[in-house]
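**Student:** Mind having a look at this structure? Questions to follow.
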Amino acid sequence: MINKNPKVREQLVYGVTSAGSPRKVARIWQKKCPTIQHFHVAPALYLARKVVESNCDGLVVTGIEGGGHQSYEQISTLVLEQQAVREFPDTPLVVCGGFASPEGVAMGLAGGADAVAMGTRFIATDQSEFHENYKDLIYPASARDTLLTTGAFGPIRLLKNKYSLEHGKILSKEQKIAQEEGFSVEELEEEMERYELVYNGDVENGAVLVGQTVGLIQDAMDVDDILSTFIKKAEELLKETVAKIQ
Ligand SMILES: Cc1cc2nc3c(=O)[nH]c(=O)nc-3n(C[C@H](O)[C@H](O)[C@H](O)COP(=O)(O)O)c2cc1C
């Protein structure tokens, strides 16, 4: 798709892959689109090592406080960032999971990352195509209103609702594999349907993927405003930080 569409090809600078080993995808990427920077997501240090060993252009570390599918490792973004900065000082690093404010951007950059990525914050924007019912649940929610449960592909962070509270059972990796092997086609379809329901507005019976960052988001924002105000405020905070330690 990228190679066939010259406009996409021209505008696309970075691409991110996640879930699973980066080795194979890095090989294909380097062959098919060598001009586009390839970053791969890692939720633990030993997996970050594989990203670097696979010669990806950059690394995204994402911690357990983030929204949506997570890993079995359950490491926080805070710890992952410190580990990655120490071990891979020359690898471009994006931190992700738990950021939705200028303070968060300042923290991520002060910690040594090259960039901060946000998921839930961008769902709650004027430009996001998520259903209004979905966005409306984000603003009043507190950081305590999410839970980590077992989703279609392993651990997942969801907003507490009828679906996640009834369905919410944490399974080990082995139990999840056994569950998947035992699934009938109908059960698998039913599971996948829960992820579709919310896009049509059924936010009670469907899976509402959000991070603990819901506790930081009070209203919808314009994407341009997020970028400009977060950058400006983060810069001020970083300058104040430097002044504090001098
Ligand atoms: C609705 C939703 C869908 C997501 N889908 C994916 C996905 O398909 N692949 C993936 O690697 N991460 C996915 N994520 C995780 C995000 O890429 C990111 O790690 C997470 O949103 C960061 O946490 P934050 O929401 O607190 O910013 C999703 C997150 C959300 C909230």
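**Student:** Take ALA234 and tell me if it is farther than 26 Å from TYR134 by Cβ, open to solvent by less than 40 Å² (accessible area, probe 1.4 Å) and in contact (Cβ under 8 Å) with a residue 40 or more places away in the chain.
**Tutor:** Against the criterion (farther than 26 Å from TYR134 by Cβ, open to solvent by less than 40 Å² (accessible area, probe 1.4 Å) and in contact (Cβ under 8 Å) with a residue 40 or more places away in the chain), ALA234 qualifies.
**Student:** In segment 82-128, what residues are of a type outside the set (A, V, I, L, M) and under 14 Å from the mean Cα position of the chain (by Cα)?
**Tutor:** Across segment 82-128, the qualifying residues are CYS96, GLY97, GLY98, PHE99, GLY119, THR120, ARG121, PHE122.
**Student:** Let me ask you something else. Considering only segment 37-69, how many residues are closer than 17 Å to LEU209 by Cβ, in contact with a strand residue (DSSP E or B) (Cβ under 6 Å, 6 or more places away or on another chain) and aliphatic (A, V, I, L, M)?
**Tutor:** Total meeting the criteria: 1.
**Student:** Can I ask one more? Out of all the residues in segment 178-198, which are exposed (fewer than 14 other Cβ atoms within 10 Å of the Cβ) and within 23 Å of the chain's Cα centre (by Cα)?
**Tutor:** If the condition is that a residue be exposed (fewer than 14 other Cβ atoms within 10 Å of the Cβ) and within 23 Å of the chain's Cα centre (by Cα), then MET192, GLU193, GLU196 are the ones that fit.
**Student:** Checking the conditions here, which among LEU45, LEU93, LEU109, LEU59 is closer than 30 Å to LEU171 by Cβ and within 16 Å of the ligand (Cβ to nearest atom)?
**Tutor:** Testing whether each residue is closer than 30 Å to LEU171 by Cβ and within 16 Å of the ligand (Cβ to nearest atom) leaves just LEU59.
**Student:** Restricting to segment 59-112, give me the number of residues that are part of a helix (DSSP H, G or I), of a type in the set (D, E, K, R) and surrounded by fewer than 19 Cβ atoms within 10 Å (Cβ to Cβ).
**Tutor:** 3
**Student:** Cβ-Cβ distance below 7 Å, separation of 6 or more or different chains: which pairs start in segment 131-148 with a residue that is farther than 13 Å from GLU65 by Cβ and basic (Lys, Arg) and end on one that is in a helix (DSSP H, G or I) and open to solvent by less than 30 Å² (accessible area, probe 1.4 Å)?
**Tutor:** Close Cβ pairs (under 7 Å, with a partner that is in a helix (DSSP H, G or I) and open to solvent by less than 30 Å² (accessible area, probe 1.4 Å)) amount to LYS135/ILE123.
**Student:** Give just the number: which of (1) farther than 13 Å from VAL95 by Cα; (2) open to solvent by less than 70 Å² (accessible area, probe 1.4 Å); (3) in a helix (DSSP H, G or I); (4) not hydroxyl-bearing (Ser, Thr, Tyr) does ALA48 not satisfy?
**Tutor:** (1)
**Student:** Hey, among the residues in segment 112-128 that are farther than 20 Å from VAL61 by Cα and in contact with a strand residue (DSSP E or B) (Cβ under 8 Å, 6 or more places away or on another chain), which one's farthest from the ligand (Cβ to nearest atom)?
**Tutor:** Filtering first and then ranking leaves ASP126.
**Student:** Taking the criterion of being open to solvent by 30 Å² or more (accessible area, probe 1.4 Å), in contact with a strand residue (DSSP E or B) (Cβ under 9 Å, 6 or more places away or on another chain), in a helix (DSSP H, G or I) and at negative phi, would at least one residue in segment 2-24 satisfy it?
**Tutor:** No, segment 2-24 contains no residue that is open to solvent by 30 Å² or more (accessible area, probe 1.4 Å), in contact with a strand residue (DSSP E or B) (Cβ under 9 Å, 6 or more places away or on another chain), in a helix (DSSP H, G or I) and at negative phi.
The values are calculated or read from the model by the stated rules, or taken from the named source; none is laboratory data. Being a predicted model, the structure only gives us computed values, none of them experimental. Note: ideal-geometry Cβ built from the backbone for every residue, glycine included; neighbour counts use all protein chains shown. With ligands, DNA and RNA removed, areas are computed over all heavy atoms of the protein, side chains included. Shrake-Rupley method; radii C 1.70, N 1.55, O 1.52, S 1.80 Å.
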